[in-house]
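Data first, discussion second: the structure below is written as structure tokens.
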Amino acid sequence: MTDAGCEGDDMVYVDGAVGAPQSRQTGDDIDSEIANLFARGAQRAEAYGPEFTKLWAIASDCALGGKLLRPKLLIQTFDALGSRPTHRESAVRIAAATELLHFAFLLHDDVIDGDLIRRGRPNFVGTVLSDEHDSEALHLARSSAILIGDLLLADVHQVFAREPLPEPERTALLDLLDTTITDSIVGEYLDIGLCAGVIASRLHQVLRMTRMKTATYTFELPLRAAAVLAGASPRTADLLGDVGQSLGTAFQLQDDLLSVFGDEHGKDSYSDLREGKETALIAIARAGEHWADIEPNFGSPDLTEEQGHAIRDMLSHCGAESQVRGLVDEHLHLARQSLSECPPALSTTLETLITTMEARRS
């Protein structure tokens, strides 16, 4: 449900560009817990034979070593709230599970998008695939990604459900997980529907898709989960949810801008234009007079650099670029407004994140 790289985040993808300073110990704790989760899965896999054991090993290799935006954001927020240090081990385990959720979404996303590469190396499908020109081998590799993704989703539920917490907190976390998965799936459906032309490409629909596909699980989930684990008030939890929604929307809008106007984003030049992605830039351009000139090459897999430059210039001239940059600023302002009502320690911690995002222009 995201565009993050197999070895890390993008939205992914991307994710490493954002975040406040983290202690090395925090990263080590999360890495260790994620490794434990995959190790337990490897023991389980052995009972099902060498073929399945190999699949799990490939999944582990692709998932480990990422930048851990989501789990670090959760722990950072939990520590800032500071009211329940005795719950920190639970917070680390829940944080690690959010990374498993992220990877499960990536596996499914790569099948939906037909991708074999992430961040310059074969993704899970590309690694399993023995011959990309063999339709049976491709079917097996993609099916394996779906199945391992399903298994990871079940593992995430197990972590949330088995955490030794008071029943109201565990139920709240499970409800949050359910909402997160549902929103992300609906957001992915909207993305597919927009690109297929089944859903009209209007700015409000694109922004709705952006919030559900990106903001919910990348920002809202870790922020709200931290509030539950720390025993924060319902008001603080809701404010953090608002912060997450605004930050996530701004983050994906920035990602869309960088795909066309950036030069350090790590994506292929104009990949979104080649794929015909219905971003906010495109939704705005469709309503303008330049669309007749953009449309012939939009979504062409053979788009040249020259044609990409021409579309980029037209997206700038028609005002789409400036409008989307304005939307980014608007959502970051909304995040600050919500954050101003949060406890001071949270404001200090998350302000660094907002400031970093403001600087993410190229």
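Here Ala145, Ala161 are screened, and the one residue that is touching a helix residue (DSSP H, G or I) at 6+ places or on another chain (Cβ under 7 Å), modelled with pLDDT of 95 or more and surrounded by fewer than 13 Cβ atoms within 10 Å (Cβ to Cβ) is Ala161. For the residues Ile294, Ile284, the requirement of being open to solvent by less than 60 Å² (accessible area, probe 1.4 Å) and touching a residue at least 24 places away in the same chain (Cβ under 8 Å) singles out Ile284. Looking only at residues of segment 76-128 that are of a type in the set (Lys, Arg) and closer than 29 Å to Arg224 by Cβ, we find that the one that is least open to solvent (accessible area, probe 1.4 Å) is Arg118.
Scanning segment 66-89 for residues that are within 21 Å of Leu153 (Cβ to Cβ) and assigned to a loop (DSSP other than H, G, I, E, B), which turns out modelled with the highest pLDDT? Selected residue: Leu68. Go through (1) open to solvent by 30 Å² or more (accessible area, probe 1.4 Å); (2) part of a loop (DSSP other than H, G, I, E, B) one by one and return the number of the condition Asp313 breaks. Failed condition: (2). Taking the numbered list (1) touching a Leu at 6+ places or on another chain (Cβ under 6 Å); (2) at pLDDT 90 or above in turn, Arg44 passes all entries but (1).
Taking the conditions (1) of a type outside the set (Asp, Glu); (2) exposed (fewer than 15 other Cβ atoms within 10 Å of the Cβ); (3) modelled with pLDDT under 95; (4) touching a helix residue (DSSP H, G or I) at 6+ places or on another chain (Cβ under 8 Å) in turn, Ser201 satisfies each one other than (2).
Do the conditions hold for Asp131, that is, is it open to solvent by 20 Å² or more (accessible area, probe 1.4 Å), under 17 Å from the mean Cα position of the chain (by Cα) and not hydrophobic (A, V, I, L, M, F, W, C)? So Asp131 fails the test. The set of residues from segment 241-255 being over 17 Å from Arg224 (Cβ atoms) and open to solvent by 10 Å² or more (accessible area, probe 1.4 Å) comprises just one member, Gln252. Here Ser322, Ser347, Ser340, Ser300 are screened, and the one residue that is open to solvent by less than 40 Å² (accessible area, probe 1.4 Å) and without any contact (Cβ under 8 Å) to a residue 12 or more places away in the chain is Ser347.
The values are calculated or read from the model by the stated rules, or taken from the named source; none is laboratory data. The structure displayed is predicted, hence computed values, not measured ones. Cβ coordinates were reconstructed from backbone atoms using ideal geometry, including for glycine residues, and neighbour counts include every protein chain displayed. The protein model used for the area step is the full one, side chains on, heavy atoms only, and it has no ligands, DNA or RNA in it. Shrake-Rupley method; radii C 1.70, N 1.55, O 1.52, S 1.80 Å.
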